[in-house]
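Student: For reference, the structure I am asking about is given below.
Every number in this text was worked out from the coordinates using simple rules, so none of it is lab data. None of these values were measured; they are calculated from a predicted model. Positions of Cβ are generated from backbone atoms using ideal geometry, with glycine treated the same way; all protein chains shown enter the neighbour counts.
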Protein chains: 2
Amino acid sequence: MTSDDFVPAPLRRLWGMSEPARLGRPASLDVNVVVAAAVKIADRDGLDGVTLPKVAKSLGFTSMSLYRHVGSKDELLTLMADAALGPPPDIAAPDWREGLRRWAFAQRAVFQRRPWLTRVPAAGPPSGPHQIAWMEAALAVMSGTLLDWAHRIGAMSLISGYVVQSVRQYSELAEGRADGQGQADAERDYGRALARLVNPDRFPEAARLFSSTLFEAPPSDTPDEAIADADFSLGLELILDGIAVRIARSDP
Amino acid sequence: MTSDDFVPAPLRRLWGMSEPARLGRPASLDVNVVVAAAVKIADRDGLDGVTLPKVAKSLGFTSMSLYRHVGSKDELLTLMADAALGPPPDIAAPDWREGLRRWAFAQRAVFQRRPWLTRVPAAGPPSGPHQIAWMEAALAVMSGTLLDWAHRIGAMSLISGYVVQSVRQYSELAEGRADGQGQADAERDYGRALARLVNPDRFPEAARLFSSTLFEAPPSDTPDEAIADADFSLGLELILDGIAVRIARSDP
DNA sequence: AGCATTAGTGTACGTCTGATACTTTCTCTC
DNA sequence: GAGAGAAAGTATCAGACGTACACTAATGCT
């Protein structure tokens, strides 16, 4: 409708540039209220629990009223994602490697707190103010290196993608268990079931894997969280090693 | 119900161990037919297009009839995922690095052909025969290295997660565009829009990025596919570098 | 004072998953 | 060779969801 500086409406909403509208009936609702209510529901019921009727009801309005403020459910999801991400913490570190490590762990902490964030479909490249702030943090960490822009973005996306992927996978598996079974127990059962199904002639390596002790009892006093942390770090350090190679290579 | 070897029903269906049932009315439908129909619909309409009524209708049955064969929609998705993945191609290669690279590209090709595969929620660890076959292929490639099991699985998951993540991201963005706009054009618009929104005081690095020429015209004769391939390779080679470091380290 | 403008509502439609209780069609046993 | 019993497929139904459309209600500008 309006065109303050040729910025489209969804972006204006993302960046909080909505003018309060000087004519007609004043709104008792605004984007931020709607988004906050939606986030609260997602925190409680997951992403599928977020429906327009439920969000509206939690605010004492009808479903259709929301469309005055968000345009579509997909847009609501985008707004929720940026709001729920929040600003990045301070990750000041002595070197790029420690900085990126902290960045990854900080992002992971946010996603673990709100696993539904990892399932919001990306409607476009990162565009929200919080997303940009996280981006800034990662770029700042790498600003001392000799990497070019493409590699900086590549490294950042790789890490960020890894974090998303690993948290989503972990939370999907945790949901799949659902009963009181812990990760360690589930892995043991998994290993045993597949040891019976996997034919050593067709799948020699996999058979060796499933008859190895890898899935059997971890010392049992190891909490699930520690296993998950170790798995996560293993992949992350691998990525950081790769980035290190690249940095060393661009420094003659 | 039955208990051939204490293998639960969903796994029996995955591995094609269904006994034809010797009593009662014989089935005119079976799991494979249902799954094949569902896959065909997913290929045409995406994952959200797969609904029990539609699958049933395409076979000339009613929705409820499917429950005789699949148990739940989630189970159907799991079955679809393994069926659609298909067996891995031959990726024989002179060394682990080339082998993993081919493995990654092969997986990417499958996912690009069926982007909905990247959105099937993981109901459990990889358990289907095709998933195991792909696993076998990756493990075989690494069998010459000195990595321990944990690192082999870690490397494999990292690559596989990267492939999934990057194809999903790419296809989500492509859907988001929807109009005839290509990737290059969209990136240019994105860069310009954000150059206006990003305040250089709050986000100095990001501002430099968006005012850099990175998002501006790639030579314009570069097809979208080539951009995507280059982005994908950049991340993949980074990961492979990381694995190389790890392999070198375990070889004294 | 009253009109253009904006906020929020009511209703309706087509869609989905899955529960329950049924009819139909087959094989195995007597 | 005839039913008994078991499994396959159906009919109907309830509760939800997203959103299009046309409506009423409330306000500030002129």
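Student: For the range A:192-207, take each phi angle, set θ = phi - 60°, evaluate the Karplus expression 6.51 cos²θ - 1.76 cosθ + 1.60, and give the result in whole Hz per residue in order, putting x for glycine and proline.
Tutor: In residue order, the calculated couplings are 5, 4, 6, 4, 7, 7, 7, 7, x, 6, 7, 10, x, 5, 4, 4 Hz.
Student: Something else about it: Would you mind giving the average projected area, over all directions, of the Cα convex hull of the range B:129-252 in nm² with one decimal?
Tutor: Values: hull surface 45.9 nm².
Mean projected area for the range B:129-252: 11.5 nm², to one decimal.
Student: Would you give the gap between the C-alpha center of the range A:14-50 and the C-alpha center of the range B:57-120, rounded to a whole Å?
Tutor: 38
Student: When the Karplus curve 6.51 cos²θ - 1.76 cosθ + 1.60 is applied with θ = phi - 60°, which whole-Hz ³J(HN,Hα) does each residue of the range B:89-96 get, with x for Gly and Pro?
Tutor: Those phi angles translate into x, 6, 10, 3, 8, x, 9, 4 Hz.
Student: Under the classification rounded if a/c is under 1.5, otherwise prolate if a/b is larger than b/c and oblate if not, where does the range A:106-184 fall, given a ≥ b ≥ c as square roots of the Cα gyration tensor eigenvalues?
Tutor: Working: a/c = 2.82, a/b = 2.13, b/c = 1.32.
Prolate.
Student: Taking the Kirkwood radius as the inverse of the mean 1/r across Cα pairs, report the Rg/Rh of the range B:54-200. Before the final figure, lay out the partial values.
Tutor: Working: Rg = 19.8 Å, Rh = 18.2 Å.
Reported Rg/Rh, Kirkwood definition of Rh: 1.09.
Student: Which chain B residue hugs the B-A rotation axis most tightly by its Cβ, and what is that distance in angstrom, to the nearest whole number?
Tutor: Residue plus distance in Å, as requested: B:Gly242, 2.
Student: Do any trypsin sites (Lys or Arg not before Pro) in the range A:17-114 lie in a DSSP loop with no more than 14 other beta carbon atoms within 10 Å, and if so, which? Walk me through the intermediate numbers first.
Tutor: Working: sites: A:Arg22, A:Lys40, A:Arg44, A:Lys54, A:Lys57, A:Arg68, A:Lys73, A:Arg97, A:Arg101, A:Arg102, A:Arg108, A:Arg113; in loops: A:Arg22.
Hits after loop and neighbour filter: A:Arg22.
Student: Across the protein assembly as shown, what fraction of all alpha-carbon pairs, as a whole percent, falls in each successive 10 Å bin from zero upward?
Tutor: All Cα pairs considered, the percentages come to 3, 16, 27, 27, 17, 7, 2, 0.
Student: Just the Cα atoms of the range A:9-84, one point each, no solvent: what log10 I(q)/I(0) does Debye give at q = 0.18, 0.22, 0.24 Å⁻¹?
Tutor: Values returned for q = 0.18, 0.22, 0.24 Å⁻¹ are -0.67, -0.99, -1.17.
Student: Note the distances from A:Met64 to each other copy's matching label point, with points 7 Å along the Cα-to-beta-carbon direction, in nm, sorted shortest first.
Tutor: Once sorted, the set of distances for A:Met64 reads 3.4 nm.
Student: Suppose R0 equals 41 Å; then what is the FRET efficiency for B:Ser72 and A:Glu225 from their Cβ-Cβ distance, rounded to the nearest 0.05? Before the final figure, lay out the partial values.
Tutor: Details: r = 30 Å, r/R0 = 0.73.
According to the calculation, E is roughly 0.85.
Student: Something else about it: State log₁₀ I(q)/I(0) for the range B:186-252 at q = 0.11, 0.19, 0.25 Å⁻¹ as given by the Debye formula over alpha-carbon point scatterers of equal weight, solvent excluded.
Tutor: Summing over Cα pairs of the range B:186-252 leads to -0.46, -0.83, -1.01.
Student: Using R₀ = 41 Å, calculate the FRET efficiency as 1/(1 + (r/R₀)^6) where r is the Cβ-Cβ separation of B:Ala150 and A:Ala150; round to 0.05.
Tutor: Numbers: r = 32 Å, r/R0 = 0.79.
Calculated transfer efficiency: 0.80.
Student: Straight-line reach from A:Lys54: which aspartates and glutamates have a Cα under 19 Å away, not including same-chain ones fewer than 8 places off?
Tutor: Reachable aspartates and glutamates: A:Asp30, A:Asp43, A:Asp45, A:Asp74, A:Glu75.
Student: Now for a separate question. Please report, for the Cα atoms of the range B:29-124, the Rg to one decimal and the Dmax as a whole number; what are they, in angstrom?
Tutor: 15.7, 52
Student: Any idea what log10 I(q)/I(0) is at q = 0.09, 0.15, 0.16 Å⁻¹ for chain A, Debye with uniform C-alpha scatterers and no solvent?
Tutor: Rounded to two decimals, the profile gives -0.56, -1.13, -1.20.
Student: Same structure, new question: For B:Glu225, go 7 angstrom from Cα along the Cα-to-Cβ vector, then report the distances to that same point in the other copies in nm, smallest first.
Tutor: Label-point separations across copies, in nm and ascending: 4.9.
Student: Per DSSP H run of at least 4 residues, take -39500 (n - 2.57); add these up for chain A, divide by its residues and hand me the 222 nm value, nearest 500 deg cm²/dmol.
Tutor: Details: 11 runs with 156 residues, N = 252.
Mean residue ellipticity at 222 nm (helix-derived): -20000 deg cm²/dmol.
Student: Then there is this: Between copies, how far does the label point of A:Arg44 sit from its twins, in nm, shortest first, when each point is 7 Å from Cα along Cα→Cβ?
Tutor: 4.1
Student: Taking only C-alpha pairs under 8 Å that are 6+ residues apart, what is the relative contact order of the range A:9-84 in percent? Walk me through the numbers on the way to the answer.
Tutor: Values: 48 pairs, mean separation 25.3, N = 76.
It rounds to 33 percent for the range A:9-84.
Student: With the radius of gyration and the Kirkwood radius both derived from the Cα set of the range B:76-147, what is their ratio Rg to Rh? Walk me through the intermediate numbers first.
Tutor: On the way: Rg = 12.8 Å, Rh = 12.9 Å.
Across the range B:76-147, the Cα-based Rg/Rh ratio is 1.00.
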